[in-house]
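Since every read-out is calculated from the coordinates, none of them should be taken as a lab result. Please read these numbers as outputs of a predicted model, since none were measured by experiment. Cβ: placed from backbone, ideal geometry, glycine included. Neighbour counts: every protein chain shown.
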Amino acid sequence: MIRAARYRLMGYTVAVIAVVLVATGALVYGLLTRQLDEAVDDRLRAIGLGPPPFGAGGAERLPPDTFVIRSLGPRGTVASEETPEGFPNDAALASARANGSDLRTVEVDGERYRVLTEAISVGRGGTPKSASRNGSNGTAEGSEEQTSRPGGSENGSSGNNGGGSSNGGGSNGGNGGTGGGFELTAYQQVGMSLEERERQQWVIRLALAGGGGLGIALTGLGAFFLTGQALEPVAASMARQRRFVSDASHELRTPLALLRLELERDTGLAAERRRPLLREVDRLGRMVDDLLVLARLDEHAMPLDKEPVPVADLLRTAADEARRLAPESRVTIEEGPSPWIDGDADRLHQVLLVLVDNAARVTPPGEAITLRAGLDGKLVTMSVTDGGPGVSEEHAAPIFERFYRVDKARARAQGGAGLGLSIARDMVRAHGGELRLANPGQPHATFEIRLPALDLATSEALEPEPETA
């Protein structure tokens, strides 16, 4: 019990710390990722607003994995040497024509890029002068974009075709120039590969996961140590309580035996007065014996004389007890295979006796008490089904607790102390099995015992040979 409580407390502590670490890690990761995104966008804007960093050897001044494409209206389109295939991106250009600018993430051939597309005003040398954010009266409609690498021609004739219209975007810029220069509205697309950013994100994830895992591991070790320290006084108190129950049970058995002997010898006491006193003495004696058994089970000091036991014999003996306890009820046995188990026959009989005694208490006259046995894989199953109303789901979980009684008034009238099922469960667990209520909330409660079965070869070797004539 203490060990289970220790592991539960440790599990709760680790779970809470894990939730806190995951939430904190997600927050930190989100903030760092946002900073990386903002840094990429700021670099794109800085490159877009600067002088042309390409042409005549200027491409070396571009940051790594970065490219620039500028549409210069009547002067054509120029691009940096490292422009990837698939650019300029048409969807980004269309959005920039409609809104003045566009910032998006684009994936080309499995690689992701951050792309800034803007409407700009350029001077005679192609230097950006100012960004246009208002749509510029359809400026892109007068531009014919041609792509040329550094040193390529800036096609003036193409520009004339695109800029000749008085309603085009180039006319505004052409009429606005002074001092022998001219300006016209154009577009540029600045892109940057996100490979470095994704590598940084991977490093952040790895660092957060490693730190979180280390934190959870250290929390688990600390919780294991601290819960052990916290529960040590509880364990000592429970050990003292078990010793007290064991010692008191031993001490009470002798005076109860003497009291019963005196009552039986007292001839001056009327029989109608002697019988209820003897019943009370017997009830106290059974409770003392039960407490002694529980104390031994708690201390793992219950001796078990294990040997191969045929399940059929256990069922037949339990059925005889059920007929004696409930003579007006029908007692039936449903046997499947003939399995054997390795256990203490007397203790297992005591377990079945608890179950058939409970079944006899709740089964009305004429109803059936059914005992079954079978195999479920490598487990032997034995069950007792009563003819009563069943056990509600409300009582299904605590029914195996000590001193718990579903119907307290009837249990007191029948002499029950609420220890039988608790003892039966602990005895089954001492054999490496489990006792459970198989059908909570349904009529005719079925209590099922599940124990490891002996292997088939051992069982067949133990089967008695048929007698020959």
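For LEU419, the residues 5 or more places off, or on other chains, whose built amide H falls under 5 Å of its own are PHE403.
Amide H contacts of VAL108 (H built 1.01 Å from N, in plane; Pro and chain starts excluded): TYR113 sit under 5 Å, all sequence-distant by 5 or more or on other chains. Modelled label positions at LEU277 and LEU206, each set 7 Å beyond Cα in the direction of Cβ, lie 8.7 nm from each other. Extension gain for ASN439 to THR254 (0.36 nm times residue separation, less C-alpha to C-alpha distance): 62.4 nm.
Based on the Kirkwood approach, the hydrodynamic radius assigned to region 232-298 is 13.4 Å, with every pair of different Cα atoms included.
Our coupling estimate for region 14-24, obtained by passing each phi through the Karplus curve with A = 6.51, B = -1.76, C = 1.60 and θ = phi - 60°, is 5, 5, 5, 5, 5, 4, 4, 5, 5, 5, 5 Hz, Gly and Pro reported as x. Note on GLU107 and PHE224: the model spin-label points, each 7 Å out from Cα along the C-beta direction, lie 4.3 nm apart.
Each residue of region 358-368 was assigned a 3J(HN,Hα) from its phi angle through the Karplus expression (A = 6.51, B = -1.76, C = 1.60, θ = phi - 60°), giving 5, 5, 5, 5, 9, 8, x, x, x, 7, 9 Hz with x at Gly and Pro. Residues ASP37, ASP320, arranged from fewest to most other Cβ atoms within 10 angstrom of their Cβ, appear as ASP320, ASP37. Amide H contacts of HIS444: GLY388, GLY390, each under 5 Å away and 5 or more positions distant or on a separate chain (H built 1.01 Å from N in the peptide plane; Pro and chain starts excluded). Between ARG316 and ASP42, full extension at 0.36 nm per residue minus the direct alpha carbon distance yields a gain of 90.0 nm. Computed from the C-beta positions of GLU82 and ALA23 and an R0 of 45 Å, the FRET efficiency is 0.65 to the nearest 0.05.
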